[in-house]
Each structure stands twice: as C-alpha cells, then as structure tokens.
Amino acid sequence: MNGDPKLERIAKGNALALCATGTWTASFAPVLERMVADAEKLAGSPQSIFIDVSEVAKLDTFGAWLIERLRRSLTSGAVEPQIAGLSANYSSLVDEVRRVRATPVIDRSPITITGMLEQIGRTVAGVGGTIAGLVDMLGAVLAAWFRILIHPRSFRLTSTVHHMEQVCWRAVPIIVLITFLIGCIIAQQGIFHFRRFGADIFVVDMLGVLVLREIGVLLVAIMVAGRSGSAYTAELGSMKMREEIDALRTMGFDPIEVLVLPRMMALVLALPILAFLGAMAALYGGGLVAWLYGGVQPEAFLLRLRDAISIDHFIVGIVKAPVMAAVIGIVACVEGLAVQGSAESLGQHTTASVVKGIFFVIVMDGVFAIFFAAVGM
C-alpha cells in the first residue's frame, strides 16, 4: 500500500538522513514501533543524523511521539538530530509533544552539610511564608470587618446564614455522636483503672474537667477543621480555578468581603455552639457509662459533677472556641485562594488546609493552657 509507513536510511555526504514516508498514525503502531526501535540502534554513531519527515502523508499524536522519541534516543550530549521537512500542519503537534517531559533524572548526588543546611533554610522560609500569608489574610479580614461596621448594609447576612447552616446545623449529628462516644470511652477507661484503688467516683471529676476545659472544644475544633475547613478550601479553590474570583474583582467586588468574611463569621459563631453541644454529649455519655458500667447512680454523678467543676472550667473551654474557629477559617481561606489551575493543586491545598488547621488548633490550645494557668484559671 502506498500509505504504508517507512523509515529509510540515506547517506548524504557525511550525514545520515532518516527519511520517514507514508502514514505515521496509530493504525500502523506495530510497524512504526519496530522501525523506530531499529533506528534507535544508531545512537552513538559518529555520523551526524537528521530526521526528514517531508514525505510523511499523515501524522497523529502517536506518530509525532515516535519521531520525538527517536530524536531523544539519538541525542548525544549537546548534539541532537534535527527534524527537517516538517510541514506547517504538523509543526504545532510535534512542538507540543516535545514539551512532554522525559523521565526525570534521579539526583544521586551525595548528601552534604551544605545541602542539608540549604534544605533547612528552604523549610524555614516556607514556614515563614505560611505565617506571613496567615497574617496577611487576618489583616484583610479585619479591614473588611471594619468596612462592614461603617457600612452595615454591605454585610451579606443571607450568605452568612447559609454557611451557618452548613457549618453548624448540619454538623450537629456527627459532632454529638463522636463526642458522646469519646465521653463513654473516657469514663470506661477511668473507671477501669480507678477501680483498683476503690476510687470509682473520681472518674466524674476527671470527666468533667477534661471535657469542659480541653477535650470537648479541642475535639470539636479538629472535626470542624477536617469537615468545614476542607470544604472552604475546596469551594474557594474551585472558584479560583474557574476564574470566578477574578470576575468578582472585575465587577468591583472585594473577594474577602464577599466570600471570606461570611464564612469566617459563620465559623466563629458556630464553633462555640458545637463545642457546647459536644461537651454536653460527652458528659451524658460519660454519665451513662458510669451508671451502667461503674455502678455510679445518676444522682450521685450529678452531685459529684457539681462539686468537681465550676463556671471557670466552662468559660475556659468556650473562650477557646471562637479563636480556634478564626484560625481554622483563615488557614482554609488562605489555602483556597492559593490554588492554581489544576485539580492536583486543589487536592494538595485541601490536604494542606486540614493538616495546618489541626496543627494550629493544637498550638492555640497549648497557648491557652499556659495563659489560663498563669492567670489562675
């Protein structure tokens, strides 16, 4: 057949021409593979080689990739074969295939002290960039909030209520269930170990203080970071990929005021509510286990709980909630607005949002613990 592909070797002076003719498409894949594999054996030849494709009748992506593969195989050092006779119809296709990266070369250079210091420096610079981004977002949110105070009618109440429903109301079942189970586990383990010393009743003290001060709000904040923080990052990242945020700026709207501030307000209002519900569920679960497993009657449980805790324990837990919510929201929005134009970037920033959110929540919990210990609470 006249359309059958061929790859002939023609000597032209001191050079060797590989003349491709016929149809170079996926329909002739087996033949083309054999011809190109045979021509690749010329690698390392002292002759200069160029690939002539002027007689190619038809070329698709598969054929263009084989030509590019042959060019790469015959490349020796800084000398690489030229592709001659490429028609204007196929030049863009070959150029696009050429942009495809070859197999990355694994860096096998030895590990040195200089390299280790360089890596540490890059990591520190990355941490500094993250903190700078969070501070910048905090400043932008505060500036938008002050503008809302000056012009209250610009506040997007409908959007805030919508996000309150998503963050707070729809999260209640899973928050209550998990905190209930955590309360049950804490009570069961406490009774199991305290029983050796005949101090079953002291599990009530441990449960009350631990849930109201630490575990309740911390556990709820971690769940909100995983649930709502990732959702915020995915939503803003998808809008960034579709250039909706650029469209808002073009129309004269501030993305911080339109997109970020309602989400931040909803999160700051929702987390104290969820923390309170979670703490009540954990105490209920702990009381139930103390009754069924430890034999502590509900009346005795409530009396002991009233003596063991004070309003200070409740205040300590609730005060943490809005601050942790603000940290989660800022991290999520920063990561969402940093998304580039690919699905891979969206996935990476969503993962980073959850990890950083949980990390900063735990850091803030430690800071609060030191602060309240210093002020005697």
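The values are calculated or read from the model by the stated rules, or taken from the named source; none is laboratory data. These numbers come from a predicted model, not from an experiment. Cβ: placed from backbone, ideal geometry, glycine included. Neighbour counts: every protein chain shown. These area figures cover heavy atoms from the full protein model, side chains too; ligands, DNA and RNA do not enter into them. Shrake-Rupley method; radii C 1.70, N 1.55, O 1.52, S 1.80 Å.
Side notes on the structure shown:
- Sorted from greatest to least, the principal axis extents spanned by the alpha carbons of region 261-358 come out as 60, 27, 18 Å.
- Here Lys356 is the anchor, and the aspartates and glutamates within straight C-alpha reach of less than 15 Å, apart from those fewer than 8 places off in the same chain, are Glu335, Asp365.
- Label-point gap, in nm, between Leu303 and Ile370 - each point 7 angstrom along Cα→Cβ: 4.2 nm
- Stokes-Einstein D (µm²/s) once Rh is taken as the Kirkwood radius of region 6-99 over alpha-carbon pairs, at 10 °C in 1.306 mPa s: 120 µm²/s
- Accessible surface calculations at 1.4 Å, restricted to protein heavy atoms, place the chain at 55 Å² per residue.
- Taking a sphere under 15 Å around the Cβ of Leu248 and counting the other residues whose Cβ falls inside, with K and R at +1 and D and E at -1, yields a net charge of -1.
- In loop segments of region 226-280 as defined by DSSP, the GluC sites (Glu not before Pro) with at most 14 further C-beta atoms inside 10 Å of their C-beta are Glu243.
- Around Cys333: net Lys/Arg minus Asp/Glu count, Cβ-Cβ under 14 Å: -2
- Counted residue by residue at 0.36 nm each, then reduced by the alpha carbon distance between them, the extension gain from Val355 to Tyr284 reaches 22.5 nm.
- Pair Glu96, Gln348: separation of 7 Å Cα→Cβ label points (nm): 2.4 nm
- Taking a ≥ b ≥ c as the square roots of the Cα gyration tensor eigenvalues, the chain comes out prolate, since a/c reaches at least 1.5 and a/b is larger than b/c.
- Here the gap between Arg72 and Val319, fully extended at 0.36 nm per residue and compared with their Cα-Cα distance, gives a gain of 82.6 nm.
- Taking the accessible area of region 6-99, probe 1.4 Å, and keeping the other protein chains in place, the carbon and sulfur fraction comes to 52%.
- Extension gain, Glu33 back to Glu244 (0.36 nm per residue minus Cα-Cα distance, nm): 71.4 nm
- Here each label is just a point 7 Å from Cα along the line to Cβ, and for Ser159 and Arg227 those points are 2.3 nm apart.
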